[in-house]
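Notes follow the structure.
Laboratory data are not the source of any read-out in this text; all were calculated from the coordinates shown. This one's a predicted model, so the numbers in the text were calculated from it and none came from an experiment. Counting neighbours? That spans all protein chains shown, and the Cβs are built from the backbone with ideal geometry, glycine included.
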Amino acid sequence: MAVDLLAALPLIALAATAIVALLVVAFRRNHLITAVVTLLGHGAAFASLAVAATVIPRQITALLIIDGYALFYMALLLVASFVVSVLAYGYLKGRADPVEEFYILQVLATLGAVVLVVSRHFVSLFLGLELLSVALYALIAYLRTDDRPLEAGLKYLLLAGASSAFLLFGVALLYAELGTMEFDRMAQSLAVGENIRRVFVLAGLAMTITGIGFKLAVVPFHMWTPDVYEGAPAPVTAFVATVSKGAVVALLLRYFAQAGAYPYSSLILVFSLIAGVSMVVGNLLALLQSNVKRVLAYSSIAHLGYVLVAFVASGSQGAEAVTFYLIAYIVTTLGAFGVVTVVSEKDRDADSIEVYRGLFWRRPGLAMIFTATLLSLAGIPLTAGFLGKVYVLLAGIHSALWPLVILLVLTSALGLVYYLRIVVAMYAALPQLETARHRPPVPSSSLAGNIILVTLAIGLVWLGVYPAPIIRAIRLTVASLL
Amino acid sequence: MILLWFIVILLAGGLLAWSVGRWNPLWARGIALGALAIDLLLGLILWLQRPGGVVFSNQGAWWVQMEWPWLPPFGISFHLALDGLSLLLVLLTFFLGLMAVVASWSEIQERVGFFHFNVLWTLAGVVGVFLAVDLFLFYFFWEMMLVPMAFLIFIWGHENRVYAAIKFFVFTQASGLLMLVAILTLSFLHNQQTGSYSFNAMQWLELPLAPATAMWLMLGFFVAFAVKLPVVPLHTWLPDAHTEAPTAGSVILAGLLLKTGAYGLLRFVVPLFPDAAKTFATVAMSLGVIGILYGAVLAFAQTDVKRLVAYTSVSHMGFVLLGIFAWNELAWQGAVLQMICHGISTGALFILAGALQERLHTRDMRDMGGLWSTVPRMGGVALFFAMASLGLPGLGNFVAEFLVLIGSFRVNAFLTIMATVGLVAATVYALRLIQQTFHGPNKEGWKVPDLTLRDMAIMAVMIAALVYLGLYPQPILDTVNPALSHLQRVVEPLGMLAR
C-alpha cells in the first residue's frame, strides 16, 4: 500500500498543489504567491518522479499503471505545463479581473492529462479526460469580459461533450462484448474469445477513436480547432496544443499497444486515412489564413497528421518516432505560442500578422526565437522539427507506407509557404512612419517569460543538433511499453 | 581539420560581422572580406601543397578527410572529405564570395551586418555541400544554404522579392524532401542488408540494389539536383530568384548554388546508381539539350537585363547536364570546367547588371542604349564577359563547351548537333545584350559614373581567371582528373559495355 502511494506520488503532488493554491487564494489573493505555489507544485511533482522511479513498474488498483513510459511522458507534460504557467504569469499580470483561479484550473487540467498517461483502464481514461476537458472549458473562456474567449469556450464545451458521449458509448460496446475495461485484459479476450462479435468490437473501437480524435484535433474531428485557438488566451492555446494533445497521444500509444488493436487492419486503414487527410487539409487551410493563431491551429492539425503517420507505422520504430516528434512538437509549439503571448497586448492577443511586421528590427531576439520555432515547424535542419520529420519518415519507410510518406513530403513543402509568410513579415522593413513613432514597451513580457523563451529556443536547436541522449531515453521508454 | 576550418571561419565570420555591423558597417564588410580571404588562402595553400600520391582506394580519390561521430544510433557522422572536384568548387566558392562582397560594397547600405551574416552562412552551407560525404550531413548543408539565401532575396531584393524568395524556397525544399526520402530509404536498405544504419556514401557504393528500387531512388536524387541545376521543366524559380536578388545574391545563386546541383549529380547520382543513371542517360541528355535551346531562346526574348542573364544560366547549365550524362571522362572534364567558367562569367555579368541598376535604377533594356559613351569601361568589360558567355575561343567557356560536345558526340550525335545550335543562339542573345544596352542612340540621355577602381579590380581578376582557364586549363584538369577517373572506375563495367 505504501509502495502504491510512493508510485502515485506525482499525481498526489499535483492534486495537493491544486488544494494548496485554492487555500492560498481563500486567505490572500495575490497573483505572485499563487503563481509561485503553482510552480513549486510542478517542481515537487517533477521531483517525485524520481521517487516513483524507484518502484516502477507498479500497478495501482486496476486503474493506473506507473511504468517507465508513464514517467517519461509525465515529465514531458509537467515541463510543458510549467512553461505555460510561467507564460501565463506575464500574460495575466496587471489584468483587472481576478487571475488566481487560472492556476488552479491549469493544475487540475494537468492532473487530468497525467491521469491519461498512467491509465490502463477505461474508467481512469474517462476520469482523466473529463478532468482535463472540464478545466479547459473554464480556462478557454477565462477572459470572460471578451466575446471571443466565451464563444470559443462554449464551442469547446459542446463539441467536447459530444465526443465524450461517443467515447462512453464505445466503451460500453467494448465492455458488453469483452466483459472488461482493462486494456490488457481486452487483448486477452480478443485473443481467446471465439464467440465475440467482431462488429461490436470494431464499432466500439471506432467510437473510442472519435473521442480521442477530437482531442487530437485531426480531420474530420478538427472543426473546433481554429476558433478555440483564436479565441482562447494565448497561454491556454499553448496548453491545448501541447499538454492536452501530448497526453492523448501517449494514451493512444498505450491503448493500441496493450489492447492489441494493431492487428485490426481496418482500424489502421482508418488511421492512415485520418493521417493523410489531416496533413492535406491542415496545410491547405493554413494557407488561406492571415491570423497567426489560426495558422498555428491548422498547422497543428497537419502536425498531428505527421504524428499519426509514425503511429500507423507501428512497432518500436513507430513508437520512437511518435515520441520524438511529440517532444519536438511540444518544445516548438510552446516556443511559438510563447512568443505570441509575450507580444500580446492586454486588450487583444497578437494574432494579426501586422503585429509581427518588422518585429526583427524592433525586437530582434524575440523575432529570432519565433523564426526558429517557425522553421522548426516547417522542418528545416538545425531544429528539432527537422529531426522529428526525419524520424517519422524513417518510420514510414520502415513500414513501407509509401503513399503517406510522399504525401507528408509534398504537404510539408506546401506548409512552408505559410510559415515563410510570417517570417517574411517579421523581417520586412517598417514603414518610415512607424519607426519614428516609438511603440510602448510590450506589456506581456516578464523576465521569467523571456528566460523560458530563450531556454525553449536553445532546447529546439539542441534537439536538432545533438539529440543522441534524448534518443537513448526514448528507446528505453518505448521498450518499457512494448 | 582544415576542412572544418573552411566552414567554421565562415560561420564565425558571419556572426562577428553581424554583431559589429551595428556600430560600423565598414567593419562588417572588412570581416566578411577577411574571412573569405583567409579561406581562399588556405584553399590555395592546400592546392599548391597537393599531397604527392593521391590515395586511390575503392572509395574515392580523397586528399583530406575528417570524421566525427554525430548520431551513432543512426550511423550518422560528421564526415567531410575533399578530392580534386570538391577542392576546385570550394575555391570557386571563396573566390566568388569575395567578388560578391566587394560588388555589394556600395549597393548594400542598410543592415550591412546582417547582410554579410547571410552571405557568409550561405557560403558556409555551399562549402559544406561540396565537402560532405555523409548524406545526412549533405542534406543538412543543402538546407542550411537555403534559409540565409532566401533572407538575402527577401530583405535586400528588388520589387517582387517576397514572391521570388518563397518560390525559390518552396521549389528547393519540395525537391530536397524527395531527396531526403531517397536518402532515408538507402540508409534503411543498408540497415536491412547489413544490420546497421549508415549514411556514408562510400559504404552505399557497395550496396546491391534492385533495378526498380535504384531507379526510384535515383529519381529522388535527380529531382533535387535538377531543380537546383536547373533542368527545364523545373527551372521556373530561377529567373524570378536571380532577377529579384541583390547583386551578391544573384552572384551566389548563379555562380554557386546551381553548381551544387551539378556537383550532386556527379558525386552521388552517377556513382550510387550507375545502372539506373545509365538507363536514364538519354532522357537526361535530351533534357539538357532542351534546356540549352529553351534557355537561349528565352534569353533572347527578355527585356530585363538580369532576367536575360538568368536564362543564359539555364542554357549553360544544360551543357553541364549533357556532359554529365554523356558518361565519359572527356565530357565530365568539360562539365566541371563549365561549372567553374560559368560561375565566373555569369557572376561577372550579374555584377555588371547590378552596377547598371544601381546607376540607372532600371533593369529594362528598352530604356537603355548608347551607354558606351558615358560608361566606356563598363561597356568594354561587359563585352568581354558577353563574349565569354557565347563561347569565344581563347576563353574558358569555349574549352568547357568544346570538351562537353566532343565527349557527347560519340554517345549521341543528334543531341550533340542540337546542342551546337545552342552556341549559335548564344551568339545572338549575347550580342543583343551588348547592342541594346551599350550601342545605339542614348535615347534617355543617360550620364552616369563609370566603374570605380574597386569594381575594375574585381573585374580584372575575373577576366584574368577566364583567360587563364581558356588558354591553359591543364592544371584544373589535372586536379580534377583523379576524381573523375575514380568515377570512371566505379561505373566502368557499364562503360565497357557501351563501347
Checklist entry - On the first, second and third principal axes, largest extent first, how far apart are the outermost C-alpha atoms of the range B:142-213 in Å? => result 53, 22, 15
Next on the checklist: Suppose each label sits 7 Å from its Cα in the direction of the beta carbon; what would the B:ILE417-B:SER106 distance come out to in nanometres?
Outcome noted: 5.1
Checklist outcome for this item: Quick note, the range B:273-499: a/c under 1.5 would make it rounded; otherwise a/b > b/c is prolate and the rest oblate (a ≥ b ≥ c, C-alpha gyration tensor); here it is prolate
Item to check | Separation between Cα centres of the range B:136-200 and the range B:274-302, rounded to whole Å | outcome: 23
Item to check | Value of Rg/Rh across chain B [Cα atoms, Kirkwood radius] | outcome: 0.96
Checklist entry - Could you give the alpha-carbon Rg of the protein assembly as shown over 2.2 N^0.38 Å, rounded to two decimals? => result 1.01
Checklist outcome for this item: By the Cα gyration tensor axes a ≥ b ≥ c (a/c under 1.5 gives rounded; else a/b larger than b/c gives prolate, otherwise oblate), the shape of the range B:391-499 is oblate
Checklist entry - Residues with amide H under 5 Å of B:PHE78's amide H, sequence separation 5 or more or different chain, H placed in the peptide plane at 1.01 Å from N; which? => result B:TRP68, B:TRP70
Checklist entry - Once the Cα atoms of helix B:396-409 and of chain B are each reduced to a long axis, what angle between those two axes, in degrees from 0 to 90 to the nearest 10, is obtained? => result 40
Checklist entry - Cβ under 14 Å from B:ASP455's Cβ, B:ASP455 left aside: what net charge do those residues give with Lys, Arg +1 and Asp, Glu -1? => result 0
Next on the checklist: Helix B:305-326 against the longest principal axis of chain B: what's the angle in degrees, Cα atoms only, rounded to the nearest 10?
Outcome noted: 30
Checklist entry - R0 = 22 Å: FRET efficiency of B:ASP450 with B:THR362, Cβ-based, nearest 0.05? => result 0.80
Next on the checklist: When only alpha-carbon atoms are used, what values of Rg and Dmax, in angstrom, describe the range A:262-482?
Outcome noted: 18.5, 65
Item to check | Normalised contact order of chain B, rounded percent, pairs of Cα under 8 Å and 6 or more residues apart | outcome: 15
Next on the checklist: With +1 assigned to the C-beta of every Lys and Arg and -1 to the C-beta of every Asp and Glu, and no other charges, what is the dipole magnitude of the range A:262-482 about the Cα centre in debye, to the nearest 20?
Outcome noted: 260
Next on the checklist: Is there a quick way to get the dipole size of the range B:1-149? I mean about its Cα centre, with the Cβ of Lys and Arg at +1 and of Asp and Glu at -1; what is the value in debye to the nearest 20?
Outcome noted: 280
Checklist entry - Do you know the Lys pair count in the protein assembly as shown for C-alpha distances under 14 Å, with sequence separation 8 or more or different chains? => result 5
Next on the checklist: I'd like to compare B:3-12, B:235-244: which one has the highest average count of other Cβ atoms within 10 Å, and what's the full order after that?
Outcome noted: B:235-244, B:3-12
Item to check | chymotrypsin sites (Phe, Trp or Tyr not before Pro) within the range B:296-368, DSSP loop, no more than 14 other Cβ atoms inside 10 Å | outcome: none
Checklist entry - Once all Cα-Cα distances of the range A:238-376 are split into 10 Å bins that start at 0, what whole-number percent is in each one? => result 11, 37, 30, 15, 6, 1
Checklist entry - How would you classify the range B:304-351 from its alpha-carbon gyration tensor, with a ≥ b ≥ c the square roots of the eigenvalues: rounded for a/c under 1.5, else prolate if a/b is greater than b/c, otherwise oblate? => result oblate
Checklist entry - Helix B:135-144 sits at what angle to the longest principal axis of chain B, using alpha carbons and giving 0 to 90 degrees rounded to 10? => result 20
Item to check | Average other protein chain Cβ within 10 Å of Cβ, residues B:174-186 | outcome: 5
Item to check | Centre separation in Å (Cα based) which lies between the range B:1-53 and the range A:139-200 | outcome: 61
Checklist outcome for this item: Output for chain A (equivalent-ellipsoid semi-axes, sqrt of 5λ from the C-alpha gyration tensor, Å, descending) is 35, 27, 20
Checklist entry - Which loop chymotrypsin sites (Phe, Trp or Tyr not before Pro) in the range B:411-486, with loop taken from DSSP, have no more than 12 other Cβ atoms within 10 angstrom of their Cβ? => result none
Checklist entry - Going through the range B:106-174, which GluC sites (Glu not before Pro) have at most 13 other Cβ atoms within 10 Å and a DSSP loop state? => result B:GLU110, B:GLU159
